[in-house]
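The values are calculated or read from the model by the stated rules, or taken from the named source; none is laboratory data. Just so we're clear, the structure is a prediction, and the values are computed from it rather than from any experiment. Here the Cβ positions follow ideal geometry from the backbone for every residue, glycine too, while neighbour counts run over all protein chains shown. Heads up: the accessible areas ignore ligands, DNA and RNA and are worked out on the full protein's heavy atoms, side chains in. Shrake-Rupley method; radii C 1.70, N 1.55, O 1.52, S 1.80 Å.
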Amino acid sequence: MAEPDAGGAGGPPPGAARDWTIAQNWRAYSAAEHAVWDQLYAAQARMLPNRVVAPFMAGLERLGMSKPGIPDFEELSQRLQAATGWSVVAVAGLVPDEVFFGHLAQRRFVAGRFIRSPEQLEYLQEPDVFHDVFGHVPMLAHPVFADYMQAYGQGGLRAMRFGSIHRLSRLYWYTVEFGLIRDGADLKLYGAGIVSSRGESSFALDSDSPNRLGFDLRRVMRTKYCIDDYQRNYFVIDSFEDLLRQTLDTDFAPLYAELAALPDIEIDAILPADRVFTRGTQTHAKRDHERP
Ligand SMILES: [Fe+2]
């Protein structure tokens with residue numbers, strides 16, 4: 001899966017390699033499973049042009065991902081290797097933080113191989129192959145984003161020594177999963193959690209409910225997030241180059257010490273120092289809370 005797990009005890013599950021990878025076993029997918037991919041793909045291919053950042057669409061094209069059916073990771077990895085030196089490997093489920101970060105640091109993206117059922121097209125709690133591959137892999141063909149993902153993995157291995165994984169995870173959440181980016185006067189999508197979700201790829205740009213705030217590394221690492229609903233805050237980066245530079249230029253050890261002494265920031269808060277692109281009404285979140 002794409003997100004680090006809070007656990008870490010024990011070894012890989014039976015049948016997995018020491019690095020927790022398993023064979024994708026592409027030939028075992030049924031026609032019905034490929035059809036679920038195609039249905040999800042078709043919906044997002046209609047939704048995303050003009051909404052998603054240009055390198056995402058370029059990545060889909062370069063990696064041959066418009067070909068029908070669930071991608072074969074070997075074929076996908078060959079194309080990705082040629083683009084940026086990354087590859088995609090299958091895992092059986094959530095992997096420990098150290099394993100997840102270790103793969104990223106080696107330019108390997110770990111992906112679930114199962115696909116959701118036809119009844120789960122709109123919502124799925126656990127990331128499946130559509131989220132992991134359609135959502136994450138196209139951006140790995142972009143050289144700067146590819147470097148950012150590797151830097152994140154290297155940073156994760158270091159963060160484990162400081163007990164600050166949860167703060168670093170927020171950086172992943174608000175960039176890799178739910179990031180927005182400026183594109184001239186417009187905002188565009190790039191986060192995998194958004195672009196793999198039909199509902200959120202509309203909500204994140206069009207809804208007047210969420211806040212859209214300028215990205216600030218320290219601020220983001222103090223900000224809580226929700227895992228079971230659309231985001232209440234989206235953070236907007238200026239460019240992938242800027243995101244990579246902020247990550248590489250930051251000395252995380254003193255930052256973790258500094259942040260440990262500061263309170264967390266609530267998921268819908270706007271602070272005086274924030275660059276506000278949109279001040280949200282939070283009507284979506286309030287409506288949810290009023291449900292019986
Ligand atoms: Fe993900």
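Stretching the chain fully between Arg287 and Trp26 yields a gain of 89.8 nm (0.36 nm per residue, less the alpha carbon separation).
Calculate the dipole size of segment 1-154 relative to its Cα centre from +1 charges on Lys and Arg beta carbons and -1 charges on Asp and Glu beta carbons; express the result in debye to the nearest 20.
Numbers: 11 positive and 17 negative charges, 88 e Å.
Rounded to the nearest 20 debye, it is 420 debye.
Per the 1.4 Å probe, what fraction of the accessible area of segment 213-257, in percent, lies on carbon and sulfur atoms? Provide the component values of the computation, followed by the final result.
Working: 850 of 1850 Å².
Looking at segment 213-257 in its full context, I get 46 percent from C and S.
Residue-wise HN-Hα couplings along segment 59-75, as the Karplus relation 6.51 cos²θ - 1.76 cosθ + 1.60 with θ = phi - 60° gives them from phi, are x, 3, 5, 4, 8, x, 7, 7, 4, x, x, 4, x, 7, 4, 5, 5 Hz; Gly and Pro carry x. If you roll a 1.4 Å probe over segment 72-201 with all protein chains in place, what percent of the accessible area is carbon or sulfur? Whole-percent figure for carbon plus sulfur exposure: 46.
Hey, can you find the accessible area per residue of the chain for me, probe 1.4 Å, expressed in square angstrom? Numbers along the way, then the final one.
On the way: 13160 Å² over 292 residues.
Accessible surface, normalised per residue, equals 45 Å².
Considering only His34, Leu124, Tyr152, the residue lying farthest towards the positive end of the dipole of the chain is Tyr152, judged by Cα position with unit charges set on Cβ.
Stretching Gln125 away from Glu258 to a fully extended chain increases their span by 44.6 nm, per 0.36 nm per residue minus the current alpha-carbon distance.
The charge dipole of segment 118-193, taken about its Cα centre with unit charges on the Cβ atoms of Lys, Arg (+1), Asp and Glu (-1) only, comes to about 600 debye.
Averaging the sequence gap over all C-alpha pairs within less than 8 Å and six or more residues apart, then dividing by the number of residues, gives the chain a relative contact order of 19 percent. Applying 1/(1 + (r/R0)^6) with r as the Cβ-Cβ distance of Leu248 and Asp19 and R0 = 41 angstrom yields a FRET efficiency of 0.95. Legend: translational diffusion of segment 68-218 by Stokes-Einstein, Rh = Kirkwood radius over C-alpha pairs, 37 °C, 0.692 mPa s; D = 201 µm²/s.
Based on the alpha-carbon gyration tensor of segment 180-223 and its eigenvalue square roots a ≥ b ≥ c, which shape applies: rounded if a/c is under 1.5, prolate if not and a/b is larger than b/c, or oblate? Here segment 180-223 falls in the prolate category. Full extension of the chain between Glu241 and Ile270 yields a length gain of 7.9 nm, computed as 0.36 nm times the residue separation minus the alpha carbon distance. Using R0 = 25 Å, the C-beta based FRET efficiency linking Ala42 and Glu98 works out to 0.10. Thr283 exposes around 80 Å² of accessible area when a 1.4 Å probe is run over every protein chain in place.
Computed from phi, the 3J(HN,Hα) profile of segment 254-269 under the Karplus parametrisation 6.51, -1.76, 1.60 (θ = phi - 60°) reads x, 5, 4, 5, 5, 5, 4, 8, 10, x, 5, 9, 5, 5, 10, 6 Hz, with x in place of Gly and Pro.
Think of the chain as having a plus end and a minus end, set by charges on the Cβ of Lys, Arg, Asp and Glu; of Ala269, Met47, Phe240, Phe240 sits farthest toward the positive end of this dipole.
In deg cm²/dmol, rounded to 500, what helix-only [θ] at 222 nm does the chain give when every DSSP H run of at least 4 residues adds -39500 (n - 2.57) and the total is split over its residues?
On the way: 13 runs with 121 residues, N = 292.
My calculation for the chain gives -12000 deg cm²/dmol from helical runs alone.
For the chain, modelled as a GNM whose springs connect Cα atoms under 10 angstrom apart, the maximal fluctuation among Val95, Val133, Val276 occurs at Val276. What you get for the chain, charging only the Cβ of Lys and Arg (+1) and of Asp and Glu (-1), is a dipole of about 240 debye around the Cα centre. Anisotropy class assigned to segment 183-292 is oblate, per the alpha carbon gyration tensor with a/c at or over the 1.5 cut-off and a/b no larger than b/c. Backbone amide hydrogens, once placed in the peptide plane, bring Ile265 within less than 5 Å of Thr223, Lys224, excluding anything fewer than 5 places away on its chain.
Projecting the Cα atoms of His284, Ala111, Leu187 onto the dipole axis of the chain, where Lys and Arg carry +1 and Asp and Glu carry -1 at the beta carbon, places Leu187 farthest toward the positive end.
Within a straight-line Cα-Cα reach of under 20 Å, Lys67 can be paired with the following aspartates and glutamates, leaving aside sequence neighbours fewer than 8 residues apart in one chain: Glu33, Asp38, Glu75, Asp128, Asp132.
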